[in-house]
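Visitor: Once you've had a glance at the structure underneath, I'll fire off some questions.
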Amino acid sequence: MSKLTELAFTFHLNENGVEQDKPLLYLWEVYDACSGELLHSYVGKAKGGSKRPLKHYRRNVLNLLHGRPYRRGKLDQFRASHRALAEAILQGHQVVLTLLRNVELADINKAEREEIMLRAPDLNRA
């Protein structure tokens with residue numbers, strides 16, 4: 001078995017008391033394995049709860065690592081966040097997913113923009 005087929009998308013999850021079946025905001029962070037320095041961050045929203053960050057990102061990152069397409073008909077449309085997370089896995093960096101907070105569905109876009117302004121994540125600008 002090649003090293004690439006052994007790769008898994010592993011990360012530390014901070015649930016933060018967030019109700020996972022409700023709309024929420026989340027934060028991906030990549031830390032250097034040696035220095036602990038924050039390398040990348042990304043704020044996202046999930047209208048349907050934690051399924052998006054927990055399952056969809058896993059699928060997308062593993063597809064990228066294994067040379068599979070993003071989606072049928074969208075062969076190479078991975079986002080900057082997917083690419084950074086895949087590179088973190090290859091480099092052995094620490095990946096952390098924090099569920100930030102629940103938000104009302106009607107306010108989710110505004111809440112995401114505010115969180116992006118507050119945290120200034122590099123991958124939201126990519």
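None of the figures in this text is laboratory data; all of them are computed from the coordinates on show. Nothing here was measured: the structure is a model prediction, and the numbers come from that model. Every residue, glycine as well, gets a Cβ built from its backbone with ideal geometry; the counts of neighbours run over all protein chains shown.
Visitor: Place a point 7 Å from the Cα of residue 38 along the Cα-to-Cβ direction; which residues of the stretch 86-116 have their backbone N under 18 Å from it?
Guide: Residues 88, 93-101, 112-116 qualify, since their backbone N sits under 18 Å from the label point.
Visitor: Now, a different point. In percent, what relative contact order does the chain have, based on Cα pairs under 8 Å that are 6 or more apart in sequence?
Guide: Numbers: 210 pairs, mean separation 49.7, N = 126.
After rounding, I find 39 percent.
Visitor: With a ≥ b ≥ c the root eigenvalues of the C-alpha gyration tensor of the stretch 7-107, is it rounded (a/c under 1.5), prolate (a/b larger than b/c) or oblate? Before the final figure, lay out each step's value.
Guide: On the way: a/c = 2.18, a/b = 1.20, b/c = 1.82.
Oblate shape, in that a/c is at least 1.5 and b/c is the bigger or equal ratio.
Visitor: Residue 93: net charge of surrounding residues, Cβ under 13 Å, Lys/Arg +1, Asp/Glu -1, itself excluded? It would help to have the intermediate numbers written out before the result.
Guide: Values: positive: none; negative: 29, 32, 37, 87.
The answer is -4.
Visitor: Please work out how much length the chain gains when fully extended from residue 110 to residue 21, using 0.36 nm per residue of separation minus the C-alpha to C-alpha distance, in nm with one decimal. Before the final figure, lay out the partial values.
Guide: Values: separation 89, 0.36 × 89 = 32.04 nm, distance 1.98 nm.
Once the chain is fully extended between residue 110 and residue 21, it gains 30.1 nm.
Visitor: For the chain, please report how many Lys pairs fall under 16 Å Cα to Cα, leaving out neighbours fewer than 8 apart on the same chain. The partial results should precede the final answer.
Guide: Numbers: 22/45; 22/47; 22/51; 22/55; 45/55; 45/110; 47/55; 47/110.
So the count works out to 8.
Visitor: Would you calculate, for the chain, the mean residue ellipticity at 222 nm contributed by helices, counting each DSSP H stretch of 4 or more residues as -39,500 (n - 2.57) and dividing by all residues, to the nearest 500? The partial results should precede the final answer.
Guide: On the way: 4 runs with 37 residues, N = 126.
My calculation for the chain gives -8500 deg cm²/dmol from helical runs alone.
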